[in-house]
Amino acid sequence: MVVGVALVNLLGTPPKAPVAAPPRPEDPKPAQVEPGSAAPPVEVPQVEVQPQPQPGVDPVREWANQVSAVVDLPARAVVSYVNADLVMRQHQPSCRVSWTTLAGIGRIESNHGRFGHRQLREDARPSVPIIGIKLDGGPNVRLIPDSDGGTLDGDVEHDRAVGPMQFIPSTWRRWATDGSGDGRGDPQNLDDAAIAAARYLCANGRDMSTGSGWWQGVMSYNNSVEYAQKVYGLAETYAAAGNPRR
């Protein structure tokens with residue numbers, strides 16, 4: 001499925017010199033909140049996207065650079081999360097999913113596409129595709145037989161979660177979205193995956209600005225209270241970075 005929203009083309013020239021790998025991130029700390037409590041504040045991106053932006057001016061990226069300067073969150077990832085937020089405000093405004101919640105999920109799932117010392121490139125793809133563990137029913141692992149003939153994960157026996165937002169192939173098939181405007185939905189592309197994740201969270205008319213809606217949405221992504229508490233704490237951190245005057 002293609003979401004028909006034109007966003008600024010953010011492809012850039014790869015750096016000529018190698019970029020140092022980011023340090024191994026600390027495990028996020030769960031927020032001290034109980035399931036069903038009020039959702040994190042819906043953080044409105046402090047950007048104004050004009051219908052006909054001036055050539056060479058990208059307010060989304062300029063604001064993303066400011067956020068990235070104060071928190072460990074790549075500017076290119078901020079662009080993906082914010083674009084997903086803006087798309088949902090246009091196409092499903094009743095959901096009120098915030099870019100900060102998407103960023104919290106992206107941090108836990110892949111460190112914003114940087115898992116295993118990868119880099120998130122300017123085309124919104126990790127420098128090496130992210131493929132999760134074999135879901136073969138081993139200790140603390142779900143059993144999910146192959147659903148895509150290995151097309152997305154290279155495994156013809158069992159499924160593996162793929163991409164920066166870690167979609168299982170069968171789930172991606174349902175929610176696949178083209179957020180980059182290249183005509184296809186690619187789970188390895190954070191522009192695509194962030195919007196697909198937003199749509200997934202907003203399923204069934206869910207309102208992510210309410211306590212019940214937020215917890216239901218995030219725990220549908222991963223049915224773990226601790227996981228949701230970590231996303232909550234990260235969302236608050238990213239909201240503060242995006243609005244330093246708060």
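Assess whether D186 counts as being out of contact with any His (no Cβ under 8 Å at 6 or more places or on another chain), at pLDDT 95 or above, in a loop (DSSP other than H, G, I, E, B) and within 27 Å of P93 (Cα to Cα).
Yes, satisfied.
Within the stretch 103-124, is even one residue part of a helix (DSSP H, G or I) and of a type in the set (K, R)?
Looking for residues that are part of a helix (DSSP H, G or I) and of a type in the set (K, R), one finds at least one in the stretch 103-124, hence yes.
(1) without any contact (Cβ under 8 Å) to a residue 40 or more places away in the chain; (2) of a type in the set (K, R); (3) touching a helix residue (DSSP H, G or I) at 6+ places or on another chain (Cβ under 9 Å): which one isn't true of K134, the others all being true?
Failing condition for K134: (3).
Does the stretch 100-137 hold any residues that are buried (at least 20 other Cβ atoms within 10 Å of the Cβ) and among the acidic types (D, E), and which are they?
E109
Go through the stretch 197-246 and give me each residue that's of a type in the set (A, V, I, L, M) and either surrounded by fewer than 18 Cβ atoms within 10 Å (Cβ to Cβ) or touching a strand residue (DSSP E or B) at 6+ places or on another chain (Cβ under 9 Å) (or both).
Within the stretch 197-246, A197, A203, M219, V225, A240 meet the criteria.
Collect the residues in the stretch 219-246 that are assigned to a loop (DSSP other than H, G, I, E, B) and over 15 Å from the mean Cα position of the chain (by Cα), keeping them in residue-number order.
N223, S224, N243, P244, R245, R246
Do the conditions hold for V156, that is, is it modelled with pLDDT under 95, on the phi < 0 side of the Ramachandran plot and in a loop (DSSP other than H, G, I, E, B)?
So V156 fails the test.
Kindly indicate which of V128, V87, V78 is part of a loop (DSSP other than H, G, I, E, B) and of a type in the set (V, I, T).
V128
Determine, yes or no, whether V141 is at pLDDT below 95, surrounded by fewer than 16 Cβ atoms within 10 Å (Cβ to Cβ) and among the hydrophobic types (A, V, I, L, M, F, W, C).
So V141 passes the test.
Looking at T177 and the list (1) surrounded by fewer than 20 Cβ atoms within 10 Å (Cβ to Cβ); (2) in contact (Cβ under 8 Å) with a residue 60 or more places away in the chain; (3) among the hydroxyl-bearing types (S, T, Y), which single condition is not satisfied?
For T177, the failing item is (1).
Filter the stretch 192-218 down to the residues that are part of a helix (DSSP H, G or I), hydroxyl-bearing (S, T, Y) and touching a residue at least 60 places away in the same chain (Cβ under 8 Å) and list them by number.
Across the stretch 192-218, the qualifying residue is only S212.
Answer with yes or no whether V97 is aliphatic (A, V, I, L, M), in a loop (DSSP other than H, G, I, E, B), over 11 Å from the mean Cα position of the chain (by Cα) and surrounded by 24 or more Cβ atoms within 10 Å (Cβ to Cβ).
yes
Just checking, does the stretch 33-43 include any residue being within 30 Å of V225 (Cα to Cα), touching a Leu at 6+ places or on another chain (Cβ under 6 Å), at pLDDT below 95 and not polar (S, T, N, Q)?
No, because not a single residue in the stretch 33-43 is within 30 Å of V225 (Cα to Cα), touching a Leu at 6+ places or on another chain (Cβ under 6 Å), at pLDDT below 95 and not polar (S, T, N, Q).
Filter the stretch 125-148 down to residues that are of a type in the set (A, V, I, L, M, F, W, C) and closer than 30 Å to V79 by Cα, then give me how many there are.
Of the residues in the stretch 125-148, 4 are of a type in the set (A, V, I, L, M, F, W, C) and closer than 30 Å to V79 by Cα.
The values are calculated or read from the model by the stated rules, or taken from the named source; none is laboratory data. Remember, it's a predicted structure, so these values are computed and weren't measured experimentally. Positions of Cβ are backbone-derived with ideal geometry, glycine not excepted, and every protein chain shown enters the neighbour counts.
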